[in-house]
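Everything on this sheet refers to the single structure shown next.
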Amino acid sequence: MPSSSTLIAALALVFVAGCTQQPERVDSAPPAPTGKQAIPARPVYDPPAKFDTEAGVLMPWESTSGLLTFARGTWLGDGRIPVALHKDKAYIATLDRLLAFNTTTGSLTATITPTAEALRVLDKGNRNNAAPPVITPGANPLVLTPFFVRQPGAGTQAPRELIELTATDASSDKVAWRLPLALPSWTKEGRAHFVSVVGATETVAVVTVSTGDSPLFSAATTYGIDLATRRVLWTKDLFKATAMTENIVAGELETGSTYEAAAGYDLLTGAERWRGDDRYSLDVKTAGPHLLLVQARHKNDYLLKVRQFLDAETGTVKREVPEDFAGSRCDHDGKTTIVCSWDLGNLYKVRAFNDRTASPMWQLPDQTANRIAPRVTAVWNGRVYGKTDDGPLALDAQTGADLPTQPGVAPFLVNGYTGLALSPAPEDDLTAYPATG
């Protein structure tokens, strides 16, 4: 027979259990998380038709530092943002760190820095000259970010400067590996140089270090990197890579003291696959997964301009492009269309082309239909985002037709979760707006 004290304790337990509300079990639900409160999964829209303008999350200052004009609302240079989106996270590159930012919670989840001393540091207010990070495709994506670093000496080993290519696991935001890349000899001459990851497949990445657009001294070196073995497959001096396909890396090859040629190399071996004519003032840009946009001046007549779409695999000319194409920016819609846009002193033009044949598809303005051209801010998965004086809008990338739903903002970068756009004046801060439809 139990003692009286044991019986009293048992009755007390029954009383507490009976008075405490027990949660109802739902067998289909996942187990409740421990520690931090669970965050509901965000819906995905492909592509987003609109964004919640009342639920914006302010992006870190590094994402726009020194990149907006004094008038605000206008990007300097080509409008490139040093940011890459992956699901509901934004990865922001600077010269000395990579930030992982959760656009749902507005929290900074990780800061990745190089192991050695960064040669350059971004301070608030200075211009962020870092290239956007590149996220590899596939089931286990990596965020690739290069840093210029100074490795200290040890014993008889002298200090040296190099590129530290950092691969961050996009699922955990932890560094997966780092690869040192020797700097080319021309960088030791004190020339300003810039580094970027041009692109990546699941197995190969391409990194280029160059003097940028310096008119006084031009130099470049490109590396092909095996992502599985983490080694350099090939190195190409005098070549500035600017575009990638599944098989070819293309860009600008120095062929003389003043000449350059568009050229394509095998992605795996670095072997030359094609080379174009010598040109002055060559500019090679990507125009989707199959085409390049090449702009230059003729070798024998500097006043004669060259503007062409080239097949990236073969270097053959697919189409001569219109004379007023100078300064245009071309974006692939993720399906079958290239959308090219440019600003002619607050007069905007937009033209769309087939991404394989370069055949014209539609253009704006269209006077016969009484339609003006918007300022295009982003193109993604069949949709063109932009704005006019009447506000943000969206177009069908294949037809150019106005879409009925107003997006609410004009994003500069977009995926199925988020659109990065400037908040309304006078703040004009880069803000992450959640997709809602």
Quick one: what Rg and Dmax do you get for segment 283-351 from the alpha carbons, in Å?
12.5, 38
Cut-off 15 Å, label 7 Å out along Cα→Cβ of THR405, residues of segment 355-381 by amide N
380-381
THR109 to THR269: FRET efficiency via 1/(1 + (r/R0)^6), r the Cβ-Cβ distance, R0 35 Å, to the nearest 0.05?
0.35
How far apart, in nm, are the 7 Å Cα→Cβ label points at ASP389 and ARG319?
3.1 nm
Pairwise FRET efficiency - LEU303 versus SER171, Cβ, R0 = 56 Å, nearest 0.05
0.55
Kirkwood-based shape ratio for segment 318-437, expressed as Rg/Rh from alpha carbons:
0.96
Are any of the pairs LYS188/LYS285; LYS50/LYS335; LYS305/LYS349; LYS285/LYS318; LYS87/LYS240 more than 22 Å apart by Cα-Cα distance, and if so, which?
LYS188/LYS285; LYS87/LYS240
Computed on alpha carbon atoms, what radius of gyration and Dmax characterise segment 139-185, expressed in Å?
13.4, 44
What FRET efficiency do you get for THR203 and ALA425 if R0 is 51 Å and r is their Cβ-Cβ distance, rounded to the nearest 0.05?
0.65
Tell me the label-point distance for the pair PHE217, THR336, using the 7 Å Cα-to-Cβ offset, in nm and rounded to one decimal.
5.0 nm
What residue among ALA261, ALA369, ALA118 has the largest mean-square fluctuation in a Gaussian network model of the chain, using Cα springs under 10 Å?
ALA369
Give me Rg/Rg_expected for the chain, where Rg uses Cα atoms only and Rg_expected = 2.2 N^0.38 Å with N residues.
1.18
Inter-label distance, nm, simple model (7 Å from Cα along the C-beta direction), GLU161/ASP366
5.2 nm
Tally Lys/Arg at +1 and Asp/Glu at -1 over every other residue whose Cβ is under 11 Å from the Cβ of ASN129; what's the total?
+3
Where in segment 414-437 does the amide nitrogen come within less than 13 Å of the point 7 Å from the Cα of ASP52, taken along Cα to Cβ?
417-419, 432-437
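No value in this document is a laboratory result; all are computed from the given coordinates. None of the values given here were measured: they were computed from a predicted structure. Methodologically, a virtual Cβ is constructed for each residue, glycine included, from the backbone with ideal geometry; neighbour enumeration extends over all protein chains shown.
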